[in-house]
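Worksheet for the structure shown next.
Values quoted throughout were computed directly from the atomic coordinates according to the rules given, and no laboratory measurement underlies them. Note that the structure is a prediction, hence the values are computed from the model and not measured. We place every Cβ from the backbone using ideal geometry, glycine too, and count neighbours over all the protein chains shown.
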Amino acid sequence: MDVQFADIVAAHARIRDGVHQTPVMRSTRLSQLWGVDVVFKCENLQKVGAFKARGALNAVKQLSPAQLRAGVITHSSGNHAAALARAAALMGATADVVMPHNAPSNKKAAVRGYGATVHECEPSLAAREALTRTLMERRGATLIHPYDDPAVIAGQGTAALEFHQQCPEVHRWLVPVGGGGLLSGTALVGQRYGVEVIGVEPAGADDAFRSVRSGQLQSNTNPSTLADGLRGALSARTFGIIKAHVADIVTVTEEEILTAMREVANTLKLVIEPSAAVAVAGLKKCTKTDQRVGVILSGGNVDPILWPLLG
């Protein structure tokens, strides 16, 4: 099933009462620092602390009563896990979540806090998918994939739809990319409104960068980055959308990610996680200084072990 702009519009209406319309923020200092007029869409202030609340709720709201009774399942390093746990609780369904054992402790606690059952596995995509398949077969639950799902992509695209409504003057959006759900949804909105969309990725987990450059879907065999939410790899579905509608993918270093986290905290007084800081770090790659640039701050769930690095 393809995802269309109309699906994003429908998703926005469907989930409106269950998510925040997050604010946008500007900073003269940060605009001067990076040499562009920048506007931030604060999805770090979203329900569960991340844009993932949108896609999970859109997907669960479209399940049948029988599917809700059987429960839902996913695999995730954290934010989608919490988002699905919350969405399931709102709809009266159970949720099982497969998480790598090295996922941040605060994210695992959030998932359990929403009432879901956490199943830990080895920190690889193959391990996550294998355990998820086993549990699905055993429990008969419906898989809500963290990004390779049309309903999830449409839900994530509602952040960009709101962003355009709030700031129609923005010419370019910078978006972090892991599995590509947010970037895909954003790209479809950008295509509709003539906004250039750039994906930003950690250099240590650069499958999207390599995929776009080669024209062939690449894998992440051993991703290495503080941005735990971006260690996944594109699917054929998200790669197809990104290849067709995203202008470019750029990469940033770990030090650039930490610097971006510090700058946002010191200037905007906002806590953002490394995955969100990836898009902020991408601002230094912008060369069209006459443009107004929008950055989606994808989440604010910072692993407690990172706090000493931000001092």
### Task
Please give the calculated 222 nm ellipticity per residue for the chain, where each DSSP H segment of at least 4 residues contributes -39500 (n - 2.57) and the sum is spread over every residue; nearest 500 deg cm²/dmol?
-13500 deg cm²/dmol
#### Entry: Burial ranking of peptide ranges 277-286, 29-38, 181-190 (average Cβ count within 10 Å, highest at the top)
181-190, 277-286, 29-38
### Query
Using 7 Å Cα-to-Cβ label points, what is the ILE305/GLN21 separation (nm, one decimal)?
4.0 nm
#### Entry: Relative contact order of region 209-276, defined on C-alpha pairs under 8 angstrom at six or more residues apart (%)
34 percent
### Query
Quick one: length gained pulling ALA247 to SER214 fully straight, 0.36 nm per residue minus the C-alpha distance?
10.4 nm
### Query
Relative to the longest principal axis of the chain, what angle (0 to 90°, nearest 10) does the C-alpha long axis of helix 125-139 take?
30 degrees
### Query
Which ordering of SER77, SER219 is given by a fewest-first count of other beta-carbon atoms within 10 Å?
SER219, SER77
#### Entry: Bins of 20 Å, starting at 0 and running to the largest distance - Cα pair percent for the chain
37, 59, 4
### Task
Loop only per DSSP, at most 16 neighbouring Cβ atoms within 10 Å: give me the GluC sites (Glu not before Pro) in region 142-226, ordered by residue number.
GLU169
### Two-site FRET efficiency, ARG292 against THR267, from Cβ-Cβ distance with R₀ of 25 Å, rounded to 0.05
0.90
#### Entry: Relative contact order [Cα under 8 Å, 6+ residues apart], the chain, whole percent
22 percent
### Task
Please order TYR147, TYR193 by the number of other Cβ within 10 Å, starting at the fewest.
TYR193, TYR147
